[in-house]
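The values are calculated or read from the model by the stated rules, or taken from the named source; none is laboratory data. Remember, predicted model here, so these are calculated numbers, not experimental data. For neighbour counting, all protein chains shown are included, and Cβ atoms are generated from backbone atoms with ideal geometry for every residue, glycine included. Each accessible area value is taken on the protein alone, full model and side chains, heavy atoms only, with ligands, DNA and RNA left out. Shrake-Rupley method; radii C 1.70, N 1.55, O 1.52, S 1.80 Å.
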Amino acid sequence: MLDIQKIRQDFPILNEVVHGKSLVYFDNAATTQKPLPVLEALANYYGHYNANIHRGIHFLAEKATSAFEASRHKIQTFLNAPRVEEIIFTYGTTDGINLVAQSYGRTFLNEGDEIIISTLEHHSNIVPWQMLCAEKGCVLRVIPINDAGELLMDEFEKMLSERTKLVSVVHVSNALGTINPVAEIVKKAHEVGAKVLIDGAQATSHIDIDVQALDCDFYVFSLHKLYGPTGMGVLYGKTDLLNAMPPYRGGGEMIKEVTFEKTTYNDLPYKFEAGTPNIADVVATKMAVEYVEALGKQAIADYEHKLLVYGTDALQSIEGLRIVGTAKEKVSVLSFVMEGIHPQDIGVILDQQGIAVRTGHHCTQPLMKRLGLVGTSRASFAVYNTKEEIEKLVVGLERVKKMLS
């Protein structure tokens, strides 16, 4: 059993007062808050061994390099990746998807080739492929969903053919919380020779990730949704694919030798890590992952599921409120609409009560169009949230209804 009150003490921001009210933070799908070990790691790096990495021979540089690479090893074990060099540090999920689109896509996709995404995708997993299709003459196809927000897998299978070269799908929907059957998607795509990228931005804080068991070709995620720093992400890729891909950016670190006539590129993973990296945030990444591992992924998932069930029942008791996204398999995300009330108005009034939710289209405009909505209000739960906070949300929503209905 998790000691939630003890866990809450690890997150100083939860003591903040907003508009005279104790903060209730339900915007975890956008970014999670940071525990003390992460905050202390950042301060420790800048206060005691701030230095550039890899090429320095002095004490600070060697200490910083060691801490930086320790985070890479930690991510390798966190994902169960076969090799540490398959872990590429990026600036977030969006950066990782763009890296694959611009490097793998430009190199290996040709006119008439098909890329499959889904209706559930974040714009970050739509726009890079649209740009690639416009440049290369590829065709973008979209897996439809049912009204519960679940992929229509029979339609996906009908789309697959020898023309399918890449499938890029979200593991967990940021807007609805739907958990997609990514292992099945990978298996079906591989049967026609397609490569698969999984957008794990919303999955890593909720679900155990084993890239070998999934057999995906690429997996991307952001650390700021895993209790880690912002501006920090990871791309996992299979070694043979990463070796075959050209660098995404040019500059320092990604080179072996530079002359004015020719440049030879560095080995993995450094070939894709041009320039001075986000050293402090990479160092703190190890502490974020260790914090999650210490709590236990299964314990976190079990507790968050209890919050989801409790929150679902509580919100459904509010007359005129409808939950959007009712997949059988989902994480602790509750998107909802209230009859006759704009989502933004809901967010503004809740904010005055110290309750932080996200409102709008959640960077999923095509999904909102499919659902016939301009947007939703979204309450997303993390391990430090409580049933008492959900009760405050219910009181807040009843006030919204009283004021605006």
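The equivalent ellipsoid that matches the C-alpha gyration tensor of segment 12-51 spans semi-axes of 27, 12, 7 angstrom, in descending order.
Once both labels are positioned 7 Å from their Cα atoms along Cα-to-Cβ, the gap between Glu191 and Lys262 label points is 4.5 nm. Normalised radius of gyration (Cα atoms, divided by 2.2 N^0.38 Å) for segment 132-200: 1.12.
Full extension of the chain between Val139 and Gln212 yields a length gain of 23.4 nm, computed as 0.36 nm times the residue separation minus the alpha carbon distance.
Please give the calculated 222 nm ellipticity per residue for the chain, where each DSSP H segment of at least 4 residues contributes -39500 (n - 2.57) and the sum is spread over every residue; nearest 500 deg cm²/dmol?
Details: 14 runs with 157 residues, N = 405.
Here the helix-only value at 222 nm equals -12000 deg cm²/dmol.
Computing the accessible area with a 1.4 Å probe over protein heavy atoms, can you report the carbon and sulfur percentage for the chain? The partial results should precede the final answer.
On the way: 8780 of 17160 Å².
C and S fraction of accessible area: 51 percent.
For segment 222-314, the list of trypsin sites (Lys or Arg not before Pro) that fall in a loop by DSSP and count at most 15 other C-beta atoms within 10 angstrom reads Arg249, Lys262. Counting every pair of alpha carbons in segment 298-387, the share spaced more than 22 Å apart comes to 27 percent. Model label sites at Glu155 and Arg370, defined 7 Å from Cα along the beta-carbon direction, differ in position by 0.6 nm.
Shown in residue order for segment 353-359 are the 3J(HN,Hα) couplings computed by the Karplus curve 6.51 cos²θ - 1.76 cosθ + 1.60 at θ = phi - 60°: 9, x, 9, 9, 10, 9, 10 Hz (x for Gly and Pro). Were the residues from His123 through Glu162 laid out at 0.36 nm apart, the gain over their Cα-Cα distance would be 11.4 nm.
Taking segment 1-136, how much of its Cα-Cα pair set, in percent, is spaced more than 26 angstrom apart? Beyond 26 Å sits 52 percent of the P(r) for segment 1-136.
In a reduced charge model with +1 at each Lys and Arg Cβ and -1 at each Asp and Glu Cβ, segment 217-283 shows a dipole moment near 140 debye about its Cα centre.
Taking all protein chains into account, the per residue accessible area for the chain stands at 42 Å² (1.4 Å probe).
Selection among Ala134, Pro144, Ile179 by position relative to the dipole of segment 110-187 gives Ala134 as farthest towards the positive end (Cβ unit charges, Cα centre). On the basis of the beta-carbon distance and an R0 of 30 Å, Arg8 and Glu398 show a calculated FRET efficiency of 0.75. In a solvent-free Debye calculation with one equal scatterer on each Cα, what is log10 I(q)/I(0) for the chain at q = 0.08, 0.13, 0.14 Å⁻¹, listed in the order of the q values? Taken in order of the listed q values, log10 I(q)/I(0) reads -0.45, -1.13, -1.27.
Among the chymotrypsin sites (Phe, Trp or Tyr not before Pro) in segment 212-288, which ones are in a DSSP loop with at most 14 other Cβ atoms within 10 Å of the Cβ? Mind listing them? When the chymotrypsin sites (Phe, Trp or Tyr not before Pro) of segment 212-288 are filtered for loop state and at most 14 Cβ neighbours within 10 Å, Phe260 remain.
Mean projection of the Cα convex hull over all viewing directions, computed for segment 280-345: 6.7 nm². Could you run the Debye sum over the Cα atoms of segment 236-285, one equal point scatterer each and no solvent, and tell me log10 of I(q)/I(0) at q = 0.17, 0.23, 0.32 Å⁻¹, two decimals? Evaluating at q = 0.17, 0.23, 0.32 Å⁻¹ gives log10 I(q)/I(0) of -0.57, -0.89, -1.18. Applied to segment 321-326, the Karplus parametrisation 6.51 cos²θ - 1.76 cosθ + 1.60 on θ = phi - 60° returns per-residue 3J(HN,Hα) values of 9, 10, 7, 10, x, 10 Hz, with x for Gly and Pro. Projected over all directions and averaged, the alpha-carbon convex hull of segment 183-248 occupies 5.2 nm². Note on segment 147-296: dipole from Cβ charges, positive end direction compared against Gly251, Ala194, Pro229; the farthest Cα belongs to Gly251.
Can you pull out the GluC sites (Glu not before Pro) in segment 81-169 whose DSSP state is coil and whose Cβ has at most 14 other Cβ atoms within 10 Å? Don't skip to the answer; put the middle values down first.
Details: sites: Glu85, Glu86, Glu111, Glu114, Glu121, Glu135, Glu150, Glu155, Glu157, Glu162; in loops: Glu111, Glu121, Glu150, Glu162.
Here the sparse-neighbourhood loop sites are Glu111, Glu162.
Taking the Cα centre of segment 164-257 as origin and assigning +1 to Lys and Arg Cβ atoms and -1 to Asp and Glu Cβ atoms, the resulting dipole is close to 220 debye. Only the Cβ atoms of Lys and Arg (+1) and of Asp and Glu (-1) were treated as charged; on that basis the dipole of the chain about its Cα centre amounts to roughly 500 debye. For segment 232-365, the alpha-carbon radius of gyration amounts to 1.63 times the rule-of-thumb value 2.2 N^0.38 Å expected for a compact globular protein.
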